[in-house]
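Everything on this sheet refers to the single structure shown next.
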Amino acid sequence: MLIINILRIFHSPYFKSIWGFLVFLNLSVFAQNLILKGKIIDEKFMPLAGVVIEIHETNQAVLGNNDGFYELKNIKPGTYHIHYNMIGFHNESFQLELKENTNFDIQMHESANELHEVVIESNLQKQSEKESSVAIERVDKEFFQKNTGTTFMATLEKLPGVSSINMGVGISKPVIRGLSFNRVVVSDYGIKQEGQQWGSDHGLEIDQYNIDNVEILKGPASLMYGSDAMAGVVAITHPKNMPQNTHSGHIQTILRTNNDTYGLTANAKGNANGINYKIQLTGLEYADYKVPANTFIYQGFRFPIVENRLKNTAGNEKHVNFTVGINKNWGYSHFTISNFNQNAGLFAGAIGRPQFYKLTDDGNWRDINLPSQNINHFKVINNTNIKLKNNWLEFDFGYQNNYRQENSLPHAHGQGPAAVGTKAVSFKLQTLSLNSRFYTKNFKILDAIFGLQSSFQNNKIGGYEFLIPNFNYFQMGAFVIEKYKINPQLFVNAGARIDFATLQTQSTQVAVYDNPKNPINFIGFQTRNEALDKRWANVSFSTGLSYLPSEWLKLKLNIGKSYRNPTPQELSVNGVHHGTFRHEKGDINLLPEHGYQFDLGAFVEYKKVYFSLTPFFNFFENYIYLRPTAQFSTLPDGRQLYQFSQSKATLWGGEVALEYKPIKNIKLSSNAEYVFATNLDANLPLPMIPPFCSQNDLEYEFFKPFNGFVKWNTAYYSTQNRTDRNELETDGYMLNHLSLGIKPANKNLKFNVYFQVQNVFNTQYFNHLSRYRFLGLPEAGRNFVFTVNVGI
């Protein structure tokens, strides 16, 4: 099926028209081609070898030679952002207007803080970190290798202000500053990831081993990314292009002891005369995972955990990603085709009510029995960037086909004959996205971005159970953002956006019989959800500034209004959500959320010290949340009825980070985060808010006989006793992790080895954002992680 889909894409009219247009552009470039060249030196005025020089707008890149010289050819006249990147140095970015062949020499300075060496430039806003009025963090491939978690979001949890809602070790969803689900956008190459964001038992369909760079925007980002970006954005950006006519490959093995994971990921990539390509293949197999407990207690009953393993949490994953594109002086165009597939068991005690017979040992830790879920996410993305004199026109096109199926033995809901088969629920969500942005530079100090963003979704349901209905959803937005450089120390931006959206849901009815215990006589239908035809229009805006009073201090301020439309689930869900142990019910009268958000930032980088403080305050009208009611479900296993409701709410808090490198070999770092969230109407805390957290690292680097590091991490999580009505409190805990990495000092030997011990002391703890804490199930125990990465 994947091969057929790929062939259809390559033979589609859209694909042929894009490539035909690109060939026309490539053959019709008669403008003068320029050369940018120069020499790069260090603080001692010695040539600096191995610097990567990249034109941000066209992705053209070259590698500086051993004498520090570089030369970029075939550049059209215009204004560009030029990046100079080198590990161990403060990387530099310059905006140059090229009218003729230009010689540009620079001096680069050593950096004591490796996380802040990289040039951070928003892939969509074409804005560097020093110009941005909101906090941006960027992590690269090395960060993922040194901090690998079991999922994409588990790895990013090391960053302040970022956490995840999880279910076991293989399923997690992003949380930024206490906000999650449809309030956080995950952007993959400029296209919003569209899966089942509304459910905590539906994972994020991203292969973390295919990621080279991630930008995390903390704070409102609705102008560029749409209504769901109220809390922020996790943006997966294009990997850095390789210099022309270079090729490489990597093979990485993955071993984890907690759930006996073995896996392999491999890629090949290169640049042949401006034609870029990359292919990535990943395969993982894992068994039931282990917890530091042999029993758990649910509603006063004690249930067994045989040999410390949660039965039926094994799974496998198979992912493929292929990118091909062209990079020329007129711009670039890249096509990416990917397929994510995960087949995972669900803990037998986590669907419906735990029962002893479901938890007996079956003698096989690797088999996948009922209940289980299969997720397949097929995606096609095209990113095209075209130079028009001094301006740029960008297009992002995306098609996504997300299919999730949950399998279990039929539940006796007493409303008709017994269900046939084991497909409990299925969701087939197809999404078409088309975004366009026009970047114009009117004056030397003023930039503007004009954009359109649109998407269409169709959702089809299946299975013998009902949660959400079939629906169609259409959204379109237009925005403008102005960026004003008052002087080299002060940058101001402002923007506005208007959005229109429509939602149509189908009515769903179930058969009703006169005798549920012996369903023979059909007496009619029960309506589970009404047909809806909703239309919304909303406006958002933002303004901010970035001020650099000195070379070592940056100050930021951002004020914005954001919004979010209710989701089909929040409006129309009406059924037993067995994975959350409750009957959930929507409200068709919900109104769009409106948020008023204030963000501050102070960043200090002085000699061997880096410090940041990023407080925030959010006020929401019509904040949507799921609250317990005084009613009980009429459906078996439904238990208490939970209703989607709205209220005024505030969330405030912040993050603080400190890094200090007293000597060349030692680095100390610490960060902390806190969110205080209140339902103003009920004068109660909001549910599912992460507790205070602090991450503390001691890292030692060595250089003989190998280059490498040893790092000890201690993470502290406080007791979370600010909980909503009927929400469980969670005790505080402390976790310790050890990591080690080595690679040869000889750069011609291309391999590295990483070793981690996660949860060194096998601490038993409960994650406040985990679904399994409702069952009294602790998180995973000690885990040894071993990866070897070999370059080809």
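Which numbered condition in (1) of a type in the set (S, T, Y); (2) surrounded by fewer than 17 Cβ atoms within 10 Å (Cβ to Cβ); (3) modelled with pLDDT of 90 or more is the only one that S542 fails?
That leaves (2) as the condition not met.
Kindly provide the set of residues from the range 545-585 that are open to solvent by less than 10 Å² (accessible area, probe 1.4 Å), in contact with a Phe, Trp or Tyr (Cβ under 6 Å, 6 or more places away or on another chain) and closer than 30 Å to T505 by Cα, ordered by number.
Selection gives G575, E584.
Please work out if Q475 is touching a residue at least 60 places away in the same chain (Cβ under 8 Å), open to solvent by 20 Å² or more (accessible area, probe 1.4 Å) and more than 30 Å from N374 (Cβ to Cβ).
Numbers: touching a residue at least 60 places away in the same chain (Cβ under 8 Å): yes; open to solvent by 20 Å² or more (accessible area, probe 1.4 Å): yes; more than 30 Å from N374 (Cβ to Cβ): no.
Judged against the criteria, Q475 is not a match.
If you take the residues of the range 739-792 that are free of Cβ contacts under 8 Å to residues at least 40 places away in the same chain and among the β-branched types (V, I, T), which of them is farthest from V291 (Cα to Cα)?
Out of the qualifying residues, it is I742.
Kindly list the number of the only condition in (1) open to solvent by 10 Å² or more (accessible area, probe 1.4 Å); (2) assigned to a strand (DSSP E or B); (3) within 27 Å of I792 (Cα to Cα) that fails for G249.
Every condition holds for G249 apart from (1).
Restricted to the range 208-227, and to residues that are assigned to a loop (DSSP other than H, G, I, E, B) and either aliphatic (A, V, I, L, M) or buried (at least 23 other Cβ atoms within 10 Å of the Cβ) (or both), which residue is modelled with the highest pLDDT?
Within the range 208-227, the first condition is being assigned to a loop (DSSP other than H, G, I, E, B), and the residues that meet it are 211-212, 219-221, 226-227.
Next cut, either aliphatic (A, V, I, L, M) or buried (at least 23 other Cβ atoms within 10 Å of the Cβ) (or both) only: 211, 219-221, 226-227.
Details: I211: 90, G219: 82, P220: 82, A221: 84, G226: 86, S227: 82.
Ranking the qualifying residues of the range 208-227, first place goes to I211.
Of the residues Y14, Y84, which is open to solvent by 50 Å² or more (accessible area, probe 1.4 Å) and either of a type outside the set (G, A, S) or at pLDDT below 80 (or both)?
Of the residues listed, the single one that is open to solvent by 50 Å² or more (accessible area, probe 1.4 Å) and either of a type outside the set (G, A, S) or at pLDDT below 80 (or both) is Y14.
Restricting to the range 361-391, count the residues that are part of a loop (DSSP other than H, G, I, E, B), open to solvent by 30 Å² or more (accessible area, probe 1.4 Å) and in contact (Cβ under 8 Å) with a residue 24 or more places away in the chain.
Matching residues across the range 361-391 total 10.
Would you pick out the residues in the range 290-317 that are in a loop (DSSP other than H, G, I, E, B) and under 16 Å from P371 (Cα atoms)?
So in the range 290-317, the residues in a loop (DSSP other than H, G, I, E, B) come out as 291-294, 299-300, 305, 310-314.
Of everything in the range 290-317, those that are in a loop (DSSP other than H, G, I, E, B) and under 16 Å from P371 (Cα atoms) turn out to be L310, K311, N312, T313, A314.
Which of the strands (runs of 3 or more DSSP E) contained wholly in the range 581-664 include at least 2 residues that are out of contact with any strand residue (DSSP E or B) (no Cβ under 7 Å at 6 or more places or on another chain)?
Of the strands (runs of 3 or more DSSP E) lying wholly inside the range 581-664, those with at least 2 residues that are out of contact with any strand residue (DSSP E or B) (no Cβ under 7 Å at 6 or more places or on another chain) span 593-606, 640-663.
Can we say A677 is closer than 22 Å to F181 by Cβ, open to solvent by less than 70 Å² (accessible area, probe 1.4 Å), out of contact with any Phe, Trp or Tyr (no Cβ under 7 Å at 6 or more places or on another chain) and assigned to a loop (DSSP other than H, G, I, E, B)?
Criteria not met by A677.
Select from the range 660-696 the residues that are at positive phi and in contact (Cβ under 8 Å) with a residue 12 or more places away in the chain and list them in ascending order.
Passing the criteria: only M688.
Filter the range 275-289 for residues that are in a strand (DSSP E or B) and not basic (K, R) and give the result.
Of everything in the range 275-289, those that are in a strand (DSSP E or B) and not basic (K, R) turn out to be I275, N276, Y277, I279, Q280, L281, T282, G283, L284, E285, Y286.
This table checks each residue for (1) among the hydroxyl-bearing types (S, T, Y); (2) at pLDDT below 75.
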| site | (1), (2) |
| --- | --- |
| L96 | no, no |
| A112 | no, yes |
| L115 | no, yes |
| I120 | no, yes |
| F144 | no, no |
| T151 | yes, no |
| A154 | no, no |
| P160 | no, no |
| S164 | yes, no |
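Would you tally the residues in the range 348-372 being among the small types (G, A, S) and either modelled with pLDDT of 90 or more or in contact with a helix residue (DSSP H, G or I) (Cβ under 8 Å, 6 or more places away or on another chain) (or both)?
Number of matching residues: 4.
Take the range 637-667 and flag every residue that is over 30 Å from E584 (Cβ atoms) and under 27 Å from the mean Cα position of the chain (by Cα).
G654, E655, V656, A657, L658, E659
Can you find even one residue in the range 652-669 that is open to solvent by less than 20 Å² (accessible area, probe 1.4 Å), of a type in the set (A, V, I, L, M) and in contact with a Lys or Arg (Cβ under 9 Å, 6 or more places away or on another chain)?
No, the conditions are met nowhere in the range 652-669.
The values are calculated or read from the model by the stated rules, or taken from the named source; none is laboratory data. Since the model is a prediction, treat every value here as computed from it, not as a measurement. We place every Cβ from the backbone using ideal geometry, glycine too, and count neighbours over all the protein chains shown. The protein model used for the area step is the full one, side chains on, heavy atoms only, and it has no ligands, DNA or RNA in it. Shrake-Rupley method; radii C 1.70, N 1.55, O 1.52, S 1.80 Å.
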